[in-house]
Amino acid sequence: MKKLDDKVDEGIHEGVYPGGVLLAGHGDEASRIIASGQSRTEPVPEPMAENTIFDLASVSKVMGTATMTMLLIEDGKLALDTRVSEIFPGYAANGKDDVMVRHLLTHSSGLKPYENWKRAEEKRGEDTQDQALFNQIASLEKRYPTGEHILYSCLNYLSLARLNEAVAGESQQEFLTRRVWKPLGMKDTTYHLTEEQHSRLAPPFREWPDGSVRIHDPLANYYSVGEDHCSGNAGLYSTAADMGLYCKMIVGEGELNGTRIMKPQTVEKMTTVHATLPKYIGKDKKGDTWNRALGWHAYSDWPWTHPAAPAGAVIGHTGYTGTFLWINRETKDWIVFLTNSVYSKDPPVTSTIRKRLTAVMLEEEYGPVPEPGG
């Protein structure tokens, strides 16, 4: 932890973020939470605290949306081969009738990475904002044939969350509170902050736009105006302690302290690579091969993983705001690292510090990386 903490401090000194909260563990054991630096610097500096709440950005995809999807699959209400158009016929527009749950989970649907919420607003009419955005996504053309490439897309998880809620008959907030967060004791994980929780939020903005508290991600902010539907791509809030409980459950094969959240087979399915495809970088162009589990990125390169680690063993997810979740399935080691790096720099440059953290952990696990040709 001393080595890891030193890396967090390097990020503060380099101006990557104002502060951070670090928690690492092995199996169901966790180290002491380390809070470093400040959560804000203006108008008055405020120290980062162990119970600081963070806007998780895209970590929401795996901790929120993908988790609910896997439980619905476990319940028999969804399947990896369920077509989105079976639930929402309008989604078949422009050749998307073949898009399945597996494609949304692995970012291989063919959808483009993002959309401007203003396009949905222009067409909204009498619809609610969340419905208008979903309608806009359903109307889009694909960038490439479904299942041929991987292109990381927030639109996949906005679609998936809507599908989750339609099948479950309740919002992701209601479902996940009942099935995951409350049973695990995750007291500060939510899509809807209370006033007390907001007082502990690490601000992603130096000045809140329009003087109001907002989710940093523009699409999630537009989509999440009410409480009936939760944005699947971002919009979840949590603390290091809560995320540590989630990690313990995953490495515990779906169980923690006698409380079972998922079946072991469900966790195995979720964390196993399901798509090994070239990254889409343009028509008739071939990018590097990416590995995706269901919701998770399966790392293949140093220093996200180690040459000695089994293929697909190391998984994780990052968030634009400066959040990070990393698990080694073989050793059962894990890292939660939370910052509001967008407060210091937007776009953020947190990746370098994340890599330093994983390098420390991996060298402790497997030893130094051999020199090329050595």
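Some observations on this one:
- Only lysine pairs 8 or more places apart, or on different chains, with alpha-carbon atoms under 19 angstrom apart are counted in the stretch 116-268, and they number 4.
- Listed values (1) 33.7; (2) 21.8; (3) 18.7, entry calculated as mean projected area of the Cα convex hull in nm²: (3)
- Pairs of Cα atoms nearer than 8 Å and 6+ residues apart set the relative contact order; for the stretch 1-137 it is 11 percent.
- Straight-line reach from Lys96: taking Cα to Cα under 15 Å and skipping same-chain neighbours fewer than 8 places apart, the aspartates and glutamates in range are Asp81, Glu86, Glu141, Glu148.
- Average projection, convex hull of the Cα set of the stretch 244-374: 10.1 square nanometres.
- Loop-resident sites, the stretch 81-129, for GluC sites (Glu not before Pro), counting at most 14 other Cβ within 10 Å (DSSP): Glu126
- For Glu29, the shell of other residues with beta-carbons less than 14 Å away shows a net charge of +1, using +1 for Lys and Arg and -1 for Asp and Glu.
- Converting phi to 3J(HN,Hα) with the Karplus coefficients 6.51, -1.76 and 1.60 and the offset θ = phi - 60°, the stretch 179-194 yields 9, 10, 5, 5, x, 7, x, 7, 7, 10, 9, 6, 8, 10, 6, 7 Hz in sequence order, with x at every glycine or proline.
- Share, in percent, of DSSP beta bridges within the stretch 2-366 that are antiparallel, nearest 5: 95
- Entry note, the chain: relative contact order of 24 percent, from Cα contacts under 8 Å with a spacing of 6+ residues.
- The stretch 213-263: relative contact order as a whole-number percent, Cα under 8 Å and 6+ apart: 20
Where a number appears in this text, it was derived from the coordinates with a stated rule and is not lab data. In this text, all values refer to a predicted model and were calculated from it rather than measured experimentally. As a convention, Cβ positions derive from the backbone with ideal geometry for all residues, glycine included, and neighbour counts pool all protein chains shown.
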